[in-house]
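Single-structure report; data block below.
Values in this text are rule-based calculations from the coordinates and carry no lab data. Quantities reported herein were computed from a predicted structural model and do not represent experimental measurements. Backbone-built Cβ (ideal geometry, glycine too); neighbour counts: all protein chains shown.
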Amino acid sequence: MHTVRPQEFYSIYRKMFSHFGPQGWWPGRTKTEIIIGAILTQNTNWQNVEKALANLRKAKLLNFKKLHRTDDVVIARHIRPAGYFNVKARRLKNFVRFFVEGMNSDWRALRSIPVEEAREKVLSVNGVGPETADSILLYAFDRPTFVVDAYTKRIFHRYGVIESEASYDQVRLLFMDRLTEDVRLYNEYHALIVRLAKEHCRARPVCAGCPLKDSCRTGLRNFFAGSNG
Ligand code: SF4
């Protein structure tokens, strides 16, 4: 991990924000949908998640109490478009059980305790990893926790901030140590990272036109090498 001043993180944010504008995340209609989407989106794209959500909506199952009473096999059938449907049905049911039985279906329960404690609780649900837990807490519960994904690691490694083998928690803390604890900032920052990764910092980077090209180590190297990406 390299030494980077907090200002650099704000500068990266501002460059992405002025280039792309606000992203309006998360793409779910309700908090329940956000959570279900965060669990289903593992290893698939959002279009497939949308199809699974549409099936659940049609079956009137976008409701934790109803999902709690529904058999895993039935849930699996509805979420089939999201792939790994048996595993995901179990994971979804695990979270639903945690919320309905463990939290008494009370949305305030995860809001009224320190964020790290809330995170530990969500992480204790079998099948919920750090990225899913942080997405659920940030986007459904408005808790200030930074979401790290493969895009974050790719961009910030190429930029020259982190080592390629940096762990999830190392990267998360790097951001959280340098940014003000602010739900809106964390929300928008992650959404902008995803946008940048899709438009410019792809598997093969397209540095021309990237808002970070003048300060990114890889972008500058490509520029001086006369390469676009
Ligand atoms: S300048 Fe290139 S390598 Fe750097 S963030 Fe942009 S696309 Fe990625």
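Calculate the all-directions average of the projected area of the chain's alpha-carbon convex hull, and give it in nm².
Projected over every direction and averaged, the Cα hull of the chain covers 12.5 nm².
What 222 nm value per residue comes from the helices of the chain, counting each DSSP H run with n ≥ 4 as -39,500 (n - 2.57) and dividing by all residues, nearest 500 deg cm²/dmol?
Calculated at 222 nm, the ellipticity per residue is -16000 deg cm²/dmol.
Test of the criteria: in region 150-207, which GluC sites (Glu not before Pro) are in a DSSP loop and have at most 15 other Cβ atoms within 10 angstrom of their Cβ?
Loop-located and lightly packed - Glu163, Glu165, Glu181.
How far, in degrees from 0 to 90, does helix 85-97 lean away from the longest principal axis of the Cα atoms of the chain, to the nearest 10?
Result, in degrees: 70.
Return one quarter of the surface area of the convex hull spanned by the alpha-carbon atoms of region 184-226, equal to its mean projected area, in nm².
On the way: hull surface 12.8 nm².
For region 184-226, the mean projected area of the Cα convex hull comes to 3.2 nm².
Could you state the angle between the C-alpha long axis of helix 150-159 and the longest principal axis of the C-alpha atoms of the chain, as a value from 0 to 90 degrees rounded to the nearest 10?
10 degrees
Filter the trypsin sites (Lys or Arg not before Pro) in region 42-133 down to the DSSP loop ones having no more than 11 other Cβ atoms within 10 Å, then list what survives.
Qualifying residues, ordered by number: Lys60.
List, in the order given, every pair from Lys153/Lys198; Lys51/Lys93; Lys121/Lys198 whose Cα-Cα distance in the structure shown is over 21 Å.
The answer is Lys121/Lys198.
If you build a Gaussian network model of the chain, linking Cα atoms that sit under 10 Å apart, which residue out of Thr44, Thr145, Thr132 swings the most?
Thr44
Mind giving me the FRET efficiency for Arg217 and His19? R0 is 22 Å, r the Cβ-Cβ distance, nearest 0.05 is fine.
Values: r = 19 Å, r/R0 = 0.85.
FRET efficiency, Arg217 to His19: 0.70.
Taking the Cα atoms only, what angle lies between the long axis of helix 183-199 and the longest principal axis of the chain, rounded to 10 degrees?
70 degrees
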